[in-house]
Amino acid sequence: MKLRRQIAAAAATAAVLMLVPSAVAAAAGDPKAPAVPSDSLRALGAQQNLRVGTAVDDAHLNTDQPYTAIVADQFSVVTAENAMKWESVEPTRGSYDWAAADRLVAFAGQHGQEVRGHTLLWHNQLPGWLTTGVADGTIGKAELREILHKHVTDEVTHFRGKIWQWDVANEVFANSWDANPLPNGLNGDDFWIKNLGEGVIADAFRWAHQADPKALLFYNDYNAAGQDGSNAKFQAVHDYFAKLRAQGVPVDGIGEQGHLDTQYGFDAQRFQNDLQSYADLGLKVAVTEADVRTFVNNATEQVPTSQLGEFAQPYEFSEMLKACQLVTQCISFTAWGVYDGDSWIPGTFAGTGYGLLYDVNMKPKPAYVALQQDLAIGADAAHRGKGHGPK
Ligand code: XIL
């Protein structure tokens, strides 16, 4: 464990041990934070300067009591699963609907949580008026650029001062299966690159920085930490953001989504090395959308069909978290949803499920226990270092 975390952990562990013998503790390091269970993911993470998060579905927040309690008790950073995406906030051109996103930001404020803003420049979940206008030629290139500029500026301004990390750009690099990669690894078929050229990526970061100079600005993608086998996507993202930083573009971090599937295996060492390589550029890193899917009997029960898959699921979750714990610049670890009954996985990857930390009945799974243990070990390591080890 790195020194910064050891010091924080030692102080926080001592405080918890001495002052809070009961089952609840204020999140360490933040006297204003509400009381949360001392063995919660967020309380254990706080002892090592690591925020543990979840994507939140507005359809459940505040209306579903057990769901809402898990979000409040277990997590110290939240991401809107859909509510901040362009199609959600501007369904009709020129008229914004911030209601769902504002609900989440207010909830986070009441529960001592930070917010990850997700996402500003992405090819998916764009409003119909925008994609239709571009397709039929009624929105030309110059106007499209102005529309994007206004979108980034208006959204970041709306939440100014309330967002910890913004995913400014999402998924603009090519995968091995994409037909038109550019020489630098960007996806030549990406909606924004195709229409406006790759310079729009750096511009989006500049526009976001102008609107909220204090927010941390992230690039977010999947398979960007070695999961493509060749490490090619990692290398492309790494080299591209090294270049942008050298040019003074305000990029603060790289988010690795962390969508894994047990059928593909997982190289945990490479994952950690890649996160460290981003950090070595002077960037922060975050695991932003972690889930680990496996084949299941059906989408309702989500019982793994293979015992090996069932064991691999918590293992891969744990390896991702430990990589983040071991990279000092990794500031948050977020799961992409609360429980298996409300996950994008069964509807997106046919035949798979069981991807999250809580099961279809909202009971904590082995993956939850694995993360809790990893975080507890991280917190405890510094305590042992303070004279409790063998003489
Ligand atoms: C997904 C949501 O989970 C779904 O509810 C929605 O229908 C589609 O988008 N990468 C991302 C996320 O950056 O925004 C995606 O979220 C999952 C993949």
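Once you list every other residue whose beta carbon is under 13 Å from the beta carbon of Ala59, what net charge do they have if Lys and Arg are +1 and Asp and Glu are -1?
Details: positive: Arg103; negative: Asp57, Asp58, Asp64, Glu81, Asp342.
Spelling it out: positives minus negatives among the neighbours equals -4.
Helix 268-280 and the longest principal axis of the Cα set of the chain meet at an angle near 70°. Counting only Cβ charges, +1 for Lys and Arg and -1 for Asp and Glu, the dipole size of region 2-383 around its Cα centre is about 1120 debye.
Computed over region 194-351, the alpha-carbon pair-distance distribution with 5 angstrom bins reads 2, 9, 17, 19, 17, 14, 11, 7, 4, 1, 0, each value a whole percent.
As a proxy for reagent exposure, ranking Ser95, Ser306 by other Cβ atoms within 10 Å from fewest up yields Ser95, Ser306.
The fewest-to-most ranking of Val71, Val134 by surrounding Cβ atoms within 10 Å reads Val134, Val71.
For region 76-153, trypsin sites (Lys or Arg not before Pro) are listed when DSSP marks them as loop and at most 11 other Cβ atoms sit within 10 Å of their Cβ; the list is empty. Taking the inverse of the mean reciprocal distance over all distinct Cα pairs, the Kirkwood hydrodynamic radius of region 127-170 comes to 11.9 Å. Show me, bin by bin at 10 Å from 0, the whole-percent P(r) of region 183-231 based on Cα pairs. Pairs per bin, as whole percents: 21, 41, 33, 5. Across all directions, the average projected area of the convex hull around the alpha carbons of region 37-127 is 6.4 nm².
Is region 38-87 best put as rounded, prolate or oblate by its Cα gyration tensor, with a ≥ b ≥ c the root eigenvalues, rounded for a/c under 1.5, and otherwise prolate when a/b is larger than b/c, oblate when not?
Note, shape of region 38-87 comes out oblate.
What is the local net charge at Trp129, summed over the other residues whose Cβ is closer than 15 Å to its Cβ (Lys, Arg +1; Asp, Glu -1)? Taking every Cβ under 15 Å from that of Trp129, the sum is -3. I need the shape label for region 130-243. Rule: rounded when a/c is under 1.5, else prolate if a/b > b/c, else oblate, with a, b, c from the alpha carbon gyration tensor. Here region 130-243 falls in the oblate category. Between Leu308, Leu326, Leu104, the residue with the greatest mean-square fluctuation in the GNM of the chain (Cα pairs under 10 Å linked by springs) is Leu308.
Each listed q (0.12, 0.20, 0.23 Å⁻¹) maps to a log10 I(q)/I(0) for region 95-157, found by the Debye formula over equal Cα scatterers with no solvent: -0.41, -0.89, -1.06.
With neighbours defined as other Cβ atoms within 10 Å of a residue's Cβ, the residues Met320, Met362 order from fewest to most as Met362, Met320. Relative to the longest principal axis of the Cα atoms of the chain, helix 99-110 runs at roughly 30 degrees. With the convex hull drawn around the C-alpha atoms of the chain, the volume per residue stands at 145 Å³.
Since every read-out is calculated from the coordinates, none of them should be taken as a lab result. These numbers were taken from a predicted model, which means no experiment stands behind them. Here the Cβ is made from the backbone with ideal geometry for all residues, glycine too, and neighbour counts use every protein chain on show.
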